[in-house]
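Asker: I'd like to ask you about the structure that follows.
Laboratory data are not the source of any read-out in this text; all were calculated from the coordinates shown. As the structure is a prediction and not an experimental result, all values here were calculated from the model. Counting neighbours? That spans all protein chains shown, and the Cβs are built from the backbone with ideal geometry, glycine included.
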Amino acid sequence: MAAESSVPVQRDVDIVTARQIGRELAVEAGFTGSDLTLIATAISEVARNIIVYAQRGEIRLQMAQRDGRRGIEVVAVDEGPGIPDIERAMQDGFSTGRSLGLGLPGARRLMDEFEIVSEMGKGTTVTMRKWRP
């Protein structure tokens, strides 16, 4: 597998594809066991948000290295409506849709690093990283 992959996201099947590619890349990065599940789940959460709120976007997956550590970086990008209140969106239970409101806060808990940038009318970018122990 390439060290970097991009998965267009606009249908439920694309979530499955992004999860599978992310999991394969995580294995290559040296992750095992429950960490693989955590990474795949975080990818699912941000990919689902793309479909629900922006209709289409992209999940970019690549190896990450910093200070001699290896990991995986997941970037979810869309050109949707944007998030009007990121702080509120990051609270458990808050949802502008009909979900439980666990997507973004859940993904943040599953990964080691999480940042979100959103501009109204222009879209949202979520960047997450998980580092090998």
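Asker: Can you tally the net charge around residue 12? Count Lys and Arg as +1, Asp and Glu as -1, for every other residue whose Cβ sits under 12 Å from the Cβ of residue 12.
Answerer: It works out to a net charge of +2.
Asker: Testing the spin-label approximation: label points 7 Å from Cα along Cα→Cβ at residue 88 and residue 24. State their distance in nm.
Answerer: 4.1
Asker: May I ask you to order 82-91, 47-56 by the average number of other C-beta atoms within 10 Å around their residues, highest value first? Please report the intermediate quantities before stating the final value.
Answerer: Working: 82-91: 14.0, 47-56: 19.6.
Descending packing order for the listed peptides: 47-56, 82-91.
Asker: Here is a further query. Dipole magnitude of segment 4-131 about its Cα centre, charges +1 at Lys/Arg Cβ and -1 at Asp/Glu Cβ only, in debye to the nearest 20?
Answerer: Details: 16 positive and 19 negative charges, 41 e Å.
In debye, rounded to 20, segment 4-131 gives about 200.
Asker: Can you give the FRET efficiency for residue 11 and residue 69, using 1/(1 + (r/R0)^6), R0 = 41 Å, r = Cβ-Cβ distance, to the nearest 0.05?
Answerer: Details: r = 35 Å, r/R0 = 0.84.
My answer for the efficiency is 0.75.
Asker: Taking the 0 to 90 degree range and rounding to the nearest ten, how far is the long axis of helix 33-49 tilted relative to the main principal axis of the chain, both from C-alpha atoms?
Answerer: Between helix and principal axis, roughly 30 degrees.
Asker: Further, regarding this structure: For segment 12-19, what does the Karplus curve 6.51 cos²θ - 1.76 cosθ + 1.60, with θ = phi - 60°, yield as ³J(HN,Hα) per residue in whole Hz, taken in order and with x for Gly and Pro?
Answerer: 4, 4, 5, 5, 4, 4, 4, 4
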